[in-house]
């Protein structure tokens, strides 16, 4: 800044005003300072500035998996809001490990982030999170709540969305509907399974435990579970997939047999789902809206908002593309 001041023929204070966009600077001096900045290639040292101000101008984001398309869209929305507030985003994946999730939260706080947006891993210590909030850390939960922890939370209507998808299959004549979802310890999986069960019960159809799978789709054994269900004497004629990863795993395992033998509704949209033949009918949620709302809530808390915590629940949308609108095959219908 001293070099810029000398080159522009102005005081150091004038350069500071221009660089930090504070106070009035005459048009002539503004032009001279900007010209000197351009000529000298000056860039403000953000690290030094943050040390002086006592802030890192960053926020942290802890998700299940930043590579998951759902979470990557959510993260991008958070990043866009952060940039509007002149903050950078540090994002990490918990891999659904509560100890890793806790370690990431502690590590981000040690780096001086101004606040955190967290998708809590199943089984994370609620007492730890309460202690962090009590210590003054601003935290917003996204995609999942934490029982016993009072904090802003942004969710989707998982139960209602799964019920909507199941009712759609029922309306097209299916009574043997399988559900493929994550372990029930995961909040979203539990809620979606509950919505599936509620739709069957409302239709007077008993839940067949043989048609339920609750496991990570990344596991090697899940393909055996799919084959086991399809080999039943009364196999499913339709599937409600509990998330985008399960939809992709099912399609990859069965390849071209899915369009000819099974109706499919997937919870979560996913890339290329609309170009398959038939396209995959989905219960879509809006991860970008979730990320944007969560980030806006976080910056309000960081600015000193002490109003009661909010629980925001977004709806879902059924998108019909063909895979969920087919009636049961005569060869498998009972």
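Nothing in this text is a laboratory measurement; each read-out follows from the coordinates by a stated rule. None of the values given here were measured: they were computed from a predicted structure. Ideal geometry is used to build each Cβ from the backbone, glycine not excepted, and the neighbour counts take in all protein chains shown.
A few comments on the model shown:
- Relative contact order of the chain: 18 percent, from C-alpha pairs under 8 Å at least 6 residues apart in sequence.
- Relative packing of 13-22, 154-163, 119-128, which averages over residues the other C-beta atoms within 10 Å, highest first: 154-163, 119-128, 13-22
- Gaussian network model of the chain, Cα within-10 Å springs - most flexible of 301, 255, 192: 255
- In percent, rounded to a whole number, the relative contact order of the range 146-285 is 27, using alpha-carbon pairs under 8 Å and six or more apart.
- Segment residue 205-residue 38, length gained on full extension (0.36 nm per residue, minus Cα span): 52.9 nm
- Shown here is the pair-distance distribution of the range 158-286: with all Cα-Cα distances grouped in 10 Å bins from zero up to the longest one, the shares run 13, 50, 34, 2 percent.
- For the chain, the longest principal axis of the C-alpha atoms and the axis of helix 98-110 are separated by about 10°.
- Length added when fully stretched, residue 107-residue 88, from 0.36 nm per residue minus Cα-Cα: 5.2 nm
- Working from label points 7 Å from Cα in the Cα-to-Cβ sense, the residue 131 to residue 274 distance is 4.8 nm.
- Acute angle (nearest 10 degrees) that the helix 287-302 long axis makes with the longest principal axis of the chain, alpha-carbon atoms: 40 degrees
- Taking the DSSP bridge list for the chain and keeping only pairs wholly inside it, about 10 percent are antiparallel.
- Only helices enter the 222 nm calculation for the chain: every DSSP H run of n ≥ 4 contributes -39,500 (n - 2.57), and dividing by all residues gives -13500 deg cm²/dmol, rounded to 500.
- Against the chain, whose longest principal axis comes from its Cα atoms, helix 244-254 is set at around 40 degrees.
- The fewest-to-most ranking of 212, 99 by surrounding Cβ atoms within 10 Å reads 99, 212.
- Springs between Cα atoms under 10 Å define the GNM used for the chain, and in it the highest mean-square fluctuation of 90, 180, 298 occurs at 90.
- Contact order normalised by residue count of the range 162-244, Cα under 8 Å, 6+ apart, percent: 46 percent
- Value in Å of the Kirkwood radius, where the chain supplies the Cα pairs that are averaged: 22.6 Å
- Gaussian network model of the chain, Cα within-10 Å springs - most flexible of 318, 254, 116: 254
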